[in-house]
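Every read-out reported here was derived from the displayed coordinates using simple, explicitly stated rules and does not represent laboratory data. Keep in mind the model is a prediction, meaning the values are calculated, not measured. Cβ placement follows ideal geometry from the backbone for every residue including glycine, while neighbour counts extend to all protein chains displayed.
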Amino acid sequence: MRVVVLGSGTSMGVPVLGCTCDVCTSSDPKDKRSRVAAIVDGGDGGRILVDTPPELRLQLLAADVAAVDAVLFTHDHADHVHGIDDLRVISQRNGELSLYGPSDVLDRLVRRFDYIFDPAVVAPEGTYKPKLRPSPLTAGEPVKIAGIDVLPIALSHGVMTVYGYRFGSFAYLTDVKTVTDDAIAALAGVRVLVINALFERSHPTHLSIPEAIDVARAIGAEQTFLTHLTHRYSHEDLSKRLPDGIEPAYDGLTLTV
Ligand SMILES: [Zn+2]
Ligand SMILES: [Zn+2]
Ligand SMILES: [Zn+2]
């Protein structure tokens, strides 16, 4: 299985508009962090996209990915969904795409993007709208999507519940604040982990960097990559601060699991 981290930045992205800090003005390409998404490629044709952030088109071009077979949503915050219209060209070419995620998240997407989901909205001749089919998942129930084993895991993001996803020995968890013992048990045996981490200090809706390290250790992953990163640390600086086996993710990071 091949995983590509398409974006590794927090909700405002890095550089932050108008910020002149050392990280926002860095020339290191690894300090350019677009909003988070990932591709999970099963190897024999099946390819899953996780989330549709605002930079989706640019991210897919950079990763040389022209099509995906399904989309998983972690949750519906703007930084994870506002590139949804970039699925239009994929569904126009390859037919209807299934969108998976928590049922309440999919319900809100249907309301927010009514031009996509309301059958009464018909695209004028010669124009297209995305052809997307919401398919709710139940936490804890494994499913096969595009030939890839997927386990949705419910996690807290402050007051909201998000889904993290396990794909065999790889897991992708973002916008998580706490991970219950049950979730840790469901993640036992994961060898490669991508997990969100914000600041050194505590945050009400996201794991801090020390908390993310604790979760990675509790899961026992051999390799962990921190994502949803802010402009607080450069890639180089954060790499030095992290313990062995834990590294910052960056846009374009490709993992073979
Ligand atoms: Zn987010
Ligand atoms: Zn900055
Ligand atoms: Zn969020």
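List 131, 144 from most exposed to least, where exposure is judged by having the fewest other Cβ atoms within 10 Å.
144, 131
Sort 111, 191, 33, 88 by Cβ crowding within 10 Å, fewest neighbours at the top.
Ascending number of Cβ neighbours within 10 Å: 111, 191, 88, 33.
Given 25 °C and 0.890 mPa s, how large is the Stokes-Einstein diffusion coefficient of the chain in µm²/s, with Rh as the Kirkwood radius over Cα pairs?
For the chosen part, D equals 133 µm²/s.
When the gyration tensor of the range 61-164 is built from Cα positions, what are the square roots of 5 times its three eigenvalues, in whole Å, from largest to smallest?
Ellipsoid semi-axes (Å, largest first): 24, 17, 13.
How many angstrom separate the Cα center of the range 17-53 from the Cα center of the range 160-208?
Using only Cα atoms to place each centre, the spacing works out to 18 Å.
Taking the mean number of other Cβ atoms within 10 Å as a proxy for protection, how do you rank 61-70, 15-24, 47-56, 220-229 from highest to lowest?
The peptides rank, most packed first, as 47-56, 220-229, 61-70, 15-24.
Could you line up 192, 105 from fewest to most neighbouring Cβ atoms inside 10 Å?
By the 10 Å Cβ count, ascending: 192, 105.
Would you list, by chain and number, the lysines whose Cα falls below 19 Å from the Cα of residue 30, excluding same-chain residues fewer than 8 positions away?
240
Cross-link candidates for residue 131: which lysines have Cα within less than 24 Å, leaving aside residues fewer than 8 places away along the same chain?
144
From the helices alone, meaning DSSP H stretches of at least four residues, give me the mean residue ellipticity at 222 nm for the chain, per-run term -39500 (n - 2.57), in deg cm²/dmol to the nearest 500.
-5500 deg cm²/dmol
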